[in-house]
Amino acid sequence: MENTDFGQIYAEYRSYSMRIANIILGNEDEAEDVCQDVFEIIYNMGSRVDISNRKKLKSLITTITFHKAMDYCKTGYKKYECANSDMIEQVTDIKELDSQKESVDEEIMALETKLNVNCIFQKLRKKNEVNYYIFVYVKIYDIPPRLVADWFHISENNVNNRIMRTRRWLVREYNKLLQ
């Protein structure tokens, strides 16, 4: 693939890749990062990319974008990000609030609550891995239920029902730990 061919492909499919990544991530900056990674992969593939068949090329871009965006949803990709000044101020405000806690007992209770929630989520993952991933994708990563439904080959209504049942189960398990 020549540079002129790559330039045309980039110009034609960049916005398409951005839309897919933005739907999954809900963040335009991260979607831009994903898009850059996608086209870097395609560029490095060189002559192995069949640019004559636009349908295959679009499918390749879709697949790479989807998987890269899902990778960006993982926290490991975010640990090397640089914080902007707004983020630093927010963290400072949180630390100030934390330092204003009245006693050590409150800090211990907060830590125990966090450990209990982690324990419950681990239990959910062992009990029903599909519901765990559906709940995490929709509620934690804010991926639209219709996309999650497509990934799991179920209806959007089924996704919403699983989220509702999972939420109820989480509340029951948390209440059991409190008793």
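The values are calculated or read from the model by the stated rules, or taken from the named source; none is laboratory data. Note that the coordinates shown come from a computational prediction; the quantities given were computed from them, not determined experimentally. No Cβ is skipped: glycine too gets one built from the backbone with ideal geometry, and neighbour counts run over all protein chains shown. Just so you know, the surface numbers come from the protein's heavy atoms only, side chains and all, with ligands and any DNA or RNA stripped out. Shrake-Rupley method; radii C 1.70, N 1.55, O 1.52, S 1.80 Å.
So which residues in the stretch 115-148 are of a type in the set (S, T, N, Q), at pLDDT below 85 and either open to solvent by less than 60 Å² (accessible area, probe 1.4 Å) or closer than 15 Å to N161 by Cα (or both), if there are any at all?
Passing the criteria: only N116.
If I go through the stretch 41-61 residue by residue, how many of them are assigned to a helix (DSSP H, G or I) and surrounded by 12 or more Cβ atoms within 10 Å (Cβ to Cβ)?
Going through the stretch 41-61 one residue at a time, the tally reaches 10.
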